1. What FRET efficiency comes out for residue 144 versus residue 212 if R0 is 45 angstrom and r is the Cβ-Cβ distance? Round to the nearest 0.05.
2. Only Lys, Arg, Asp and Glu count, each charged at its Cβ (+1, +1, -1, -1), so figure out the dipole size of the chain about its Cα centre, rounded to 20 debye.
3. Evaluate the relative contact order of segment 62-155 (contact order divided by residue number), counting alpha-carbon pairs under 8 angstrom at least 6 apart; express in whole percent.
4. Considering all projection directions equally, how large on average is the shadow of the alpha-carbon convex hull of segment 90-236, in square nanometres?
5. For residue 181 and residue 29, compute 0.36 nm times the residue count separating them, minus their Cα-Cα distance, and round to one decimal in nm.
6. Let me know the charge dipole size of segment 64-154 about its Cα centre in debye, to the nearest 20, where only the beta-carbon of Lys, Arg (+1) and Asp, Glu (-1) is charged.
7. Starting from the 7 Å offset along Cα-to-Cβ, what nm value, one decimal, do you get for the label separation of residue 163 and residue 220?
8. So, counting K/R as plus one and D/E as minus one, what does the shell of residues with Cβ under 12 Å around residue 226 add up to?
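The values are calculated or read from the model by the stated rules, or taken from the named source; none is laboratory data. All figures in this text were calculated on a predicted structure; none of them were measured in a lab. Cβ placement follows ideal geometry from the backbone for every residue including glycine, while neighbour counts extend to all protein chains displayed. Note: accessible area is taken over every heavy atom of the protein model, side chains too, but ligands, DNA and RNA are not part of it. Shrake-Rupley method; radii C 1.70, N 1.55, O 1.52, S 1.80 Å.
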Amino acid sequence: MTETKERDTVQPREGDFSDLYIRHFSFWDHLTDGQKELLNNHTHVRRFAKGTLLFGGEDDCLGVVLVKQGGLRVCTLSEDGRDVTLYRVFPGEVEVLTATCALKNVTYQVFVEADEDTELLLTDSAAFGQVAEGNIYARCAAYERAAGRLSDMLWSLQQILFLSADKRLARFLLDESANLRSDELKLTQEQIARYMGSAREVVSRLLKYFSEAGMVRPGRGTVTITDREKLQRLAR
């Protein structure tokens with residue numbers, strides 16, 4: 001995870017964001033005209049380079065983000081300093097844990113970085129908090145999303161604690177293939193290890209075993225699934 005924290009400058013307004021709110025925020029129709037205008041006026045396009053740290057823990061407050069292009073990685077640090085990926089945020093998904101200061105009693109010690117060059121819509125935390133405070137639909141939607149992210153975290157930690165490394169890798173490759181809709185995954189062994197919360201040496205050894213078993217074909221910066229059924233049996 002990148003140690004320094006650098007944020008891009010705010011980009012110029014690019015028009016009305018109402019259509020994006022309608023598609024991605026279930027509470028939009030329950031807002032007053034004033035609340036809609038407040039959110040719209042405090043939403044901006046932001047762009048971050050790969051590896052940039054956007055959000056640095058419970059004392060930070062960025063705002064609610066909607067990923068347009070690229071992606072985010074939400075992670076935590078173990079006591080020994082190991083970087084553990086909790087979940088990732090893909091295009092079209094909303095992240096609310098970057099606005100925990102606007103949500104009472106929600107405190108997660110997580111870090112959020114740009115997983116690749118990323119463009120997102122950022123709604124200022126103060127504006128979103130004001131709307132959530134005065135509108136029960138917005139408040140419930142925000143807490144529901146936060147609860148969903150907590151579920152993602154618990155699932156990831158359960159995988160790390162209770163599943164063998166080979167089963168975790170098999171599940172990761174299948175999930176990644178489903179997300180990308182491709183059998184060719186453009187990932188390095190170091191990236192896979194980081195996403196799994198494992199060591200690169202472990203991933204390298206397992207990919208060699210998977211390759212010898214005919215399940216995958218590793219390449220330079222890629223892993224191609226060659227026998228999906230066998231990989232699925234291992235993942236069960």
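1. That pair, residue 144 with residue 212, gives E of 0.50.
2. It comes to approximately 900 debye.
3. 36 percent
4. The orientation-averaged projected area of the Cα hull of segment 90-236 comes to 10.2 nm².
5. Gain on stretching residue 181 to residue 29: 51.4 nm.
6. Result for segment 64-154 is approximately 380 debye, rounded to the nearest 20.
7. In this crude label model, residue 163 to residue 220 measures out at 3.1 nm.
8. -2
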